[in-house]
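Quick note: the coordinates plus some simple rules give every number you see, no bench work behind them. Quick caveat: nothing in here was measured; it's all calculated off a predicted structure. Cβ coordinates were reconstructed from backbone atoms using ideal geometry, including for glycine residues, and neighbour counts include every protein chain displayed.
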Amino acid sequence: MQRLQDTGILRGVSPVLESRHLGITAATLVALRVPDSRIHEVARIINGYPEVSHNYRRDHAYSIWFTLAAASGDRMGEVLNEILERTGIPETDLLDLPTRQRYKIDVRFSCCPDDGKEGTHGCD
């Protein structure tokens, strides 16, 4: 892995956690209409919440998108309301796309040349 990082192929490795085992039972994808002049200000406010895992800017009418996960739907609603209140973004400029069904996916990519050994993906 160090060689892959040194060559710039790999930026990082991070775990994928099973959120329900951590007491997180509610999640949503949120989009906000934010004027370009306020993007950084609003992003700083959003980033201040531990319930927000990440956010990103899109070249779209809904310019900031972020994921929010909380212990309950009530807490999730509280955080969304606080963000709207603190930013002054009206609720009409909010797109809330809550998780309705969870799907577990597993994708694996071979990152090493195939050495011909079955089941090793060329990395042993």
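Report the calculated FRET efficiency for Thr92 and Val13 (r = Cβ-Cβ distance, R0 = 25 Å), to the nearest 0.05. Don't skip to the end; give the middle numbers.
Values: r = 40 Å, r/R0 = 1.62.
It comes to 0.05.
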If you stretched the chain out fully between Ala61 and Arg33, how much longer would it get, using 0.36 nm times the residue separation minus the C-alpha to C-alpha distance? 9.5 nm
Return Leu29, Leu68 ranked ascending by Cβ neighbour count within 10 Å, so the fewest neighbours appear first. Leu29, Leu68
With a point put 7 Å past each Cα toward its Cβ, work out how far Arg44 is from Met1 in nm, to one decimal. 3.4 nm
With every atom except the alpha carbons ignored, what do you get for Rg and Dmax of the range 19-98, in angstroms? 12.1, 40
